[in-house]
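Read through the structure below, which is laid out as C-alpha cells, and then see the notes.
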Amino acid sequence: MEELSIIGKSAGRVDTAAKATGEALYTADLSLPRMLTGKVLRSPFAHARIRAIDTSRAERLPGVKAVVTSADSTGEKWGVFRYTQDQAFLPPDKVRFIGEEVAAVAAIDEDTALEALTLIKVDYEELPALFTMEEAMRPGAVLIHDSNPGNINVHVKIDVGSVEKGFSVSYHVREDTFTAPEESYFQAEPYAVAASFDSTGNLEIWMPNAGPHLKAKPLSNCLRMPLNKVRVRKITIGGAFGGRSEISPADVICALLSRKAGLPVRIVYTREENTVATRLAHSMTATIKTGVDREGRVLARDITCHMDGGAYSSTGPIATSVPFLCMEQAYRMENVRYNGYRVFTNKPIRGMFRTHGRAFACGVDLQLDMIGLELGIDPVTMRLRNAREAGDYTPTRSLVPSCAMTETIERAASAARWKEKWGKLPPFHGIGIGCNSVQTGFPMGIRGGSSAFIKFNEDGGATVISGVVDNGQGNENMLVQIAAEELGILPEDIQLINADTEVTPSDPGSYSMCETFVGGNAVRLAAIDAKKKIFKFAARALEANPDDLTARGRKIFVKGEPERSIPFARAIRMALAKGEPVSGEGSYWPKVDSRREWVENPSGQLSETFSFGTTIAEVKIDPETGLVDVLETWASQDVGFALNPKVIEGQFEGGLTMGGQGGMLTEYHLWDGGRLLNPDQAEYRLPLAPDMPKINSIIVESHDPAGPYGAKEAGMSIAMSAAQAYVSAVCNAIGVPIKEYPLTPDKIIAAIEKKSKKA
Amino acid sequence: MRLPSFQYLSPGTVKEALETIAAHKGKVLIVAGGTDIVNRLRQRLVSAPYVMSLKAISELKGIKKNKGELVISAGTTLREVAASPEVSGLFPALSQSASCTAAPPIRNMATIGGNLLQDTRCLFYNQSELVRKAAPACLKQGGRVCAAVKGATRCLSVYQGDLAPALIACNAKAVLKKAGSSRTVQVADIFSNKGKRPLAVEEDELLTRIVIPIPSGPYSCAYEKLRLRKGLDYPFASAAAFLSLSAKGVIDRARVVLGACGPAPVLVEDAAAFLVGRKPGDADGLSAARCALKVCRVVENVALPASYRKKMAVVMAGRAIGEALGQLSGAGA
Amino acid sequence: MVKAEKKKINLRVNGEVHTLLVAPHLTLLEVLREELHLTGAKESCGRGACGTCTVLLDGEPVRSCLLLAAEAEGRQVTTIEGLGRQGALHPIQEAFVAHHAVQCGFCTPGMVLTAKALLDKTPDPTDEEIRLALSGNICRCTGYAKIVEAVKAASDKGK
C-alpha cells in the first residue's frame, strides 16, 4: 500500500467544532416558521381493546390545529421483515403495552398540547396482561398477537454437526443458566421528530436515525407516498447504539399531524418516552451446556435462550440471532445447537442493543473460566485454545477472511501483566478476560449496499454525496478522510452531503457496524473512479502514463518525480474545458450470501468480514459493601486498520463504559407489572466520570483484504467483551461465579456470604 | 416537559414571605433551590396556584458563628455549606454530608433548608403521570393501597436527605416562623416518621435557620453515605455519628443517626450503651453499629433490595462511628 | 389549569440584557431555547440528573431545567454560545475538539461550561478533581477519558 498521509492519522473530526460551540442543530433545536408542538397520548393499560376514541373536545380547544388517531392512518401493519409485520402505528384495535401510542395532537404551544391530551377520551376494555416470559408461554395464556401461539415471536434454530456426539466424547461437560434484565440505550438525545409538507405534497422530515433510507421506505409505505416525495433530512444526531434503526410511530404520527394541520409539527420526546416508546434491550435467560476436551477445547455446545421481546416484533429475528452469532464467530465450536426464542410480553418493545445479549455473552465466557478452573487451565489459555482464526468457517458457514483474535488476547494479557496477577492477587482483588466478535453488516437484500457520488468545483474542491449517517461515532469524518486520501486533496477541500434521502443514494445505515466497511468502501471507489478520469487529463499535461501518476496535497505528480506535477485544480479545469467534467461514482455491495435468512436459512456468509477482540479488567471489591472499584482496563481489538486512531479509541472507551461499567455494574430496569419504574437518569444509573478506570486501548490491525484500507469495525465489539471481562474479573475477585446480572453490590455480598457459609 | 402553570411570587423579606404563605395558606409551594420541588412539579406529584420564591430574601442567606452556636440560614446553598471553613472546622459531618449530596451543579442551587425539608421518596411514587395512572393511587398519593408492599397500610417511603442525619447527630435545632410567631424545634422533631406526610411543618411556616450548639469539650462527628456511583445518587444507606468526651476523657454523649432507612432519619438509641462511659479506645463500635438493625424499617421501594440496605445501615453506622472514634483518638483526647 | 399572566423579566444572557414577557412556569432552559433561540443548552432527562441543560449562573454551573426563568433575574447567565469570540473557539472548546472529547456532542455544551467553571476556580486541577467536577454531567459516548484529557490540556499546566 502506498504511504498514507490522511488515513491512519488522528486528525480532528469535521463535525465536532459545531458541537462544541452549540451551533450543531439536533431535531429538538429545529425551528420552522409557524411550527406546531405535537404530543402523544399513551395507553395506561398494558393490554386492552380500544372500543372508542372521542377527540371532539380536544379538537375544539383553542390553539389545537390537528388531532390524529388510527382513523387518520392507513392501518397498515409494519415490520422489519415481511413475516413480522405486526405493528400498526396508532393501533385501531388494541394496545399492547403501557405507553403505546393511541392518539396525538398538534397545537400552538406545549401547554395547549398537554391540555388537549387530557380532553381526549378513550374507552378501553382491559384484557389480561402478561409481564414475564413464563406467564406469556404458559398454556392458555391470552395471545398478544393472534398469529403467535404461545406468544412466541421468533424461534431461531441452528444445529450444526452433532452435539450429542460432541458431548459423548467430552472430557468435561457443564451446564449453567445465566440471566439479565433489560438495559437500555440512554442516548443523550431524547427522540424527536420534525415534519413539514410543502404545497406539492413533498414531506421533509428530521429525526435522530441510524439509517435515513431505512426510515424513508417505511414512511413511504405508511403514508402511501412515493419515495421521491419523502425526504428524510440530514440532522445532527445524539447517539443511537442500535436503538434508532427502525421507523418509529412518532415519525408517522408527526407526518400525519403535519399533513392534517397544513403546518410543520415537531414532537419532542421526554426521556421517559425515549425509554418506553422507542426501544429497550432484551432481558434474557440463557442456558449453556458446553463440553470440552482435556485441554479445554470446546467440542460441543448446546444453548437455549429466551428473550423478552416486549409487545411487537421489531428486529426480532436479528436480535434473537446476533447474541449467538457473535459467540460462534469469536470461538471455534464445530458441534453447536442454538435454540433462540423471542417471546412477546405486554411491555415496551425491545430492539438490538450494542451489547447484544449480556447474559449470553457473559455466560459463554464465564463458563470458560469455570471450566478452566475445573481443569486447572487459566482463563487466557482457555481463550487462546478456542480462539477463532483467519480462514476458519463459522458453524453457520461464514468464512472469516481476517482475524487477529489471538494477537488481541496476547497483547491485552501482556499489557495487563496477566501472568503476574492472575491467581496472585490479594483477596477481593481480581482480574478477568472477555473476547468478542462482531459482524460488519447483516444481509439486507436490496438495501445492503452503499453508493456514493463525487462532484468537483473548478477550484479543485469536491463534494462527496453518500447515504452514510453519523450518530456521533465519526462516520462523516471517516468519509472525508477517505475521499481526501484517495483523491490527493485535503479534508478542508471536501464538503460532505450525507444522510439526506432526497439527494443521497441508498445506504444500509450505521446500526450493523457496516458504515466504514460498506459506506467507506463506496466513497473510496467513487474517489478512485474520479481519480481515473482526472489522471487521464493530468497525464496529458504531464506527458506521462496515467498509471504512473499519483496525487497528494492538491498536486498530481509522477510517482517518484514530485517536481513533475500540476495542481489538482488544473486537471479539473482541463476536463471542464474539454466538455468532459469529472465526477466520481462508486458502489459497494458486501459479498454475503443472499440466500441466508435469519430464521428460514441461517447458513451462509453473514457478513463479508468480522472484527475480533479482547478486553481485560482488573477490579477490587469492598467485601463489606459489595461495591466494585474497577482499577484498570485493557481493550484490544482487531479493527482491520485504524482509519483514525483517536476516533477508534473513543469507541473503545465509550463501548467499555457502556457494556462493562454500566452494563455489568449499574444498569438494569425495574418493573411493576407493565410499568417501568426507572425510565430516566435519576433511577437508571449510567456511569459517571469519577466511576471510570483507566482504559488502555490497544489497536490491532489484521488488514482485512476487502475493508477500505483494511478497516473493519470498532463500534460495537468492545461493549460486549468489556461486559464479559467485568464479570470474569468480579467473579475472580470473590472466588464465586455469579450468573445473574448486573453485578449489583447486593448480589456480590450474597455470593460472598454463600461462599463463606460453604467454607 | 413543561411545568404545570402557576403564579409566581417573590417576596423581599421574611416578613413579606410569611404574610404571603399565610394569605395563600395551602395554595402555595415554596421554591428555594428548586432541585426537589421543580422535579415534583414536573412529574405532577404536586401543584398549586402559587409558587413563592425565596431568592430575593437576603435574610435567609449566610453562615455565622455566634458564641456557643453555629447558625446557618436556611437559604444557604449546599455548596456554601460544604465550602465553609466554620462548618468543616466545627462539624465535619455536616461538611461531608453537604459535599456528597447529588453533584456540584445541584449543590450550587440546593439549599440546606430545602434539602432538610425534602419529601420522602419511593420508586413507585416518584413517577410520571403515565406510570402512576396505570395503577391505583398509592397511600402517599392519598389512595388506599401501597404499590411497594402488598397489603401495607402505612407508607414507608424513604427519607433520603443527606444533611438531616448529620444535623440530628449534632443536636441541631430548626427555627420555624409563621406570621406573628416563631418556634424552635430539634431537627429530629421536624420529621413525623409518616411517609404520607413526612414533615411536621405547617403549611404557613417557613424554616429560617438551623442552629447547632457547639459543645464546650472535645467532640467529633462523621457522616457516611452508600451510593452505587461516585456522584449524583441519593443514599441507599447512610449514617451520622457524634461523640463527645467528658473532662475525664470518657465518652459522655453518643448519637448515631441513620438515614435512608424509613420515612424519617432515625436515632439508633441502643447504640449509645456501647459507647457512652468508655474511653474511645475501649468503645465497642461494632456492637453499637449492629443496633441499627433494630430501627431500620426498609422495604422494597428503592432500586436495591431491602435486605441489602439493612446490612449496609450497619456498615455505614460502623464506619461513621469508627471515623468519629478515630477523630477523638487522633485529637489525643 | 391555572392561567397565569405572563410576567416581564429581564435576563442578562452572555452579557446582553433581554426583556421578555414569559409565563411564570417556564424554566430558564425553556426561555433560553424557545425565546432566545439559544439551543446549546438541552434537555436530556428533565430531572436535573444529566447536565445537558447546564448554564453558568454568576459563573457557577446550574441545572437550567430546574431553575424557573424568573429565578435567574438579576443574575448573569452564560450559555455555550457565550464562549469564544467572533467565530474563534474558546480554548476549552478547542481542547475538546483537538482531543476528540466530542462524539455525538449532545453533552458537550454542558461539559464545556462545567469545565470552564472549574478552571476559572482551579486553574490546575488533578484528574480526580476534574472527574468530580464533572460528576454531574453524563456522557454516553466517550467514557469520559478524552473529556478529562481535554480539560487537563486546557488547564494551566496543560498549555
Which distance in nm do the two modelled labels at B:Arg278 and A:Leu25 give, with both placed 7 Å along the Cα-to-Cβ direction?
-> 7.0
Tell me, how many Å apart are the Cα centres for segment A:516-573 and for segment A:446-463?
-> 16
Taking r as the C-beta separation of A:Lys758 and B:Arg154 and R0 as 35 Å, the FRET efficiency to the nearest 0.05 is 0.35
What's the percent breakdown of Cα-Cα distances in segment C:7-82 across 10 Å bins, shortest bin first?
-> 22, 61, 17
Each label sits 7 Å from Cα toward the beta-carbon; between B:Ser47 and B:Asp270 the label points are separated, in nm, by 4.7
Might you report the magnitude of the Cβ-based charge dipole of chain A about its Cα centre, with Lys and Arg at +1 and Asp and Glu at -1, to the nearest 20 debye?
-> 840
Applying the Karplus parametrisation 6.51 cos²θ - 1.76 cosθ + 1.60 with θ = phi - 60° to the phi angles of segment B:64-74, what ³J(HN,Hα) value in whole Hz is obtained for each residue in order, glycine and proline being reported as x?
-> 9, 9, 9, 5, x, 8, 10, 10, 10, 5, 5
Distribution of pairwise C-alpha distances over segment A:531-622, 10 Å bins, in % | 14, 26, 13, 15, 19, 10, 3, 1
Of all GluC sites (Glu not before Pro) in segment A:583-648, which ones are in loop regions per DSSP and have a Cβ with at most 14 other Cβ atoms within 10 Å?
-> A:Glu600
Residues whose modelled amide H sits under 5 Å from the amide H of C:Leu68, counting only those 5 or more places away in sequence or on another chain, are C:Leu28
Across bins of 10 angstrom width beginning at 0, how are the C-alpha pair distances of segment A:282-430 distributed, in whole percent?
-> 10, 35, 33, 17, 4, 0
Which one of B:Ala174, B:Tyr223, B:Gly26 is farthest out on the positive end of the charge dipole of chain B, using unit charges on Cβ (Lys, Arg +1; Asp, Glu -1) and the Cα centre as origin?
-> B:Gly26
List the aspartates and glutamates whose alpha-carbon lies under 15 Å from that of C:Lys8, not counting same-chain residues fewer than 8 positions away?
-> C:Glu35, C:Glu71, C:Glu73
Over chain B, cysteine residues that find no other Cys C-beta under 4.7 Å are B:Cys100, B:Cys122, B:Cys138, B:Cys146, B:Cys155, B:Cys170, B:Cys221, B:Cys291
GNM on chain B, C-alpha springs below 10 Å: top fluctuator among B:Pro265, B:Pro215, B:Pro165?
-> B:Pro215
Can you give the calculated 222 nm mean residue ellipticity of chain A, where each DSSP H run of n ≥ 4 adds -39,500 (n - 2.57) and the sum is split over every residue, rounded to the nearest 500 deg cm²/dmol?
-> -8500 deg cm²/dmol
Considering only A:Met382, A:Ser73, A:Phe537, whose Cα is most displaced toward the positive end of the charge dipole of chain A, charges sitting on Cβ of Lys, Arg (+1) and Asp, Glu (-1)?
-> A:Phe537
If you take the C-alpha gyration tensor of segment B:214-268, multiply each eigenvalue by 5 and take the square root, what semi-axes do you get, largest first, in whole Å?
-> 28, 12, 7
To the nearest 20 debye, what is the magnitude of the charge dipole of segment C:91-154 about its Cα centre, counting +1 on the Cβ of each Lys and Arg and -1 on the Cβ of each Asp and Glu?
-> 220
Karplus-derived 3J(HN,Hα) from phi for segment A:530-543 (6.51 cos²θ - 1.76 cosθ + 1.60, θ = phi - 60°), whole Hz, x at Gly and Pro, runs 5, 4, 4, 5, 5, 5, 4, 6, 4, 4, 4, 4, 9, 6
Those trypsin sites (Lys or Arg not before Pro) in segment B:75-157 that DSSP places in a loop and that have at most 12 other beta carbons within 10 Å | B:Arg144, B:Lys150
12 Å Cα-Cα reach of A:Lys533 towards aspartates and glutamates, excluding residues that sit fewer than 8 places from it in its own chain | A:Asp547, A:Glu580, A:Glu585
A:Glu561-A:Ser414 pseudo-label distance in nm [points 7 Å out on the Cα-to-Cβ vector] | 4.4
Placing +1 at every Lys and Arg Cβ and -1 at every Asp and Glu Cβ, with all other atoms neutral, what dipole size does segment C:7-82 have around its Cα centre, in debye to the nearest 20?
-> 140
Let me have the 222 nm mean residue ellipticity of chain B computed from DSSP H runs of 4+ only, each contributing -39500 (n - 2.57), with the sum over all residues rounded to the nearest 500.
-> -7000 deg cm²/dmol
Long-range amide H contacts for A:Ala192: which residues qualify at under 5 Å (H placed 1.01 Å from N, peptide plane, sequence gap of 5 or more or a different chain)?
-> A:Tyr269
Across B:Lys67/B:Lys225; A:Lys289/A:Lys694; A:Lys424/A:Lys754, pairs whose alpha-carbon gap is larger than 28 Å | B:Lys67/B:Lys225; A:Lys289/A:Lys694
Picking from B:Val257, B:Val299, B:Val38, which is most flexible by a Gaussian network model of chain B using Cα springs under 10 Å?
-> B:Val38
Members of B:Lys61/C:Lys152; B:Lys311/C:Lys42; B:Lys230/B:Lys311 lying beyond 29 Å, as alpha-carbon distances in this model show | B:Lys61/C:Lys152; B:Lys311/C:Lys42
Cα-Cα over 22 Å: which of B:Lys25/B:Lys65; B:Lys27/B:Lys177; A:Lys620/C:Lys157?
-> B:Lys25/B:Lys65; A:Lys620/C:Lys157
Taking R0 as 60 Å, what's the FRET efficiency between C:Thr19 and B:Ser181 from their Cβ-Cβ distance, rounded to 0.05?
-> 0.90
Counted charge near A:Pro348, where neighbours are those whose Cβ lies closer than 11 Å (Asp, Glu -1; Lys, Arg +1) | +1
The answer for the net charge of residues other than B:Lys25 whose Cβ lies under 13 angstrom from its Cβ, with Lys and Arg +1 and Asp and Glu -1, is -3
Can you give the Kirkwood hydrodynamic radius for segment C:91-154, in Å, rounded to one decimal and based on Cα pairs?
-> 11.2
Count of lysine pairs in segment A:151-234 with Cα atoms under 26 Å apart, counting only pairs 8 or more residues apart in sequence or on different chains?
-> 5
Per residue of segment A:587-592, in order, report the coupling 6.51 cos²θ - 1.76 cosθ + 1.60 (Karplus, θ = phi - 60°) as ³J(HN,Hα) in whole Hz, putting x for Gly and Pro.
-> 9, 10, 10, x, 7, 10
Unit charges at the beta carbon, dipole of the protein assembly as shown: most positive-side option, C:Met111, B:Val302, A:Pro92 | B:Val302
For segment A:630-672 and segment B:231-310, what is the separation of their Cα centres, given in Å?
-> 39
So which residue, out of B:Ala164, B:Ala103, B:Ala289, gets the largest mean-square fluctuation from a GNM of chain B using Cα contacts under 10 Å as springs?
-> B:Ala103
Cβ-defined net charge surrounding A:Ser398, 10 Å radius [Lys, Arg +1; Asp, Glu -1] = -2
How large are Rg and Dmax for the protein assembly as shown when only the alpha carbon atoms are used, in Å?
-> 31.0, 105
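Rule-based calculations on the coordinates, nothing more; no lab input. This is a predicted model, so every value here is computed, not measured. Neighbour counts run over all protein chains shown; Cβ positions are idealised from the backbone, glycine included.
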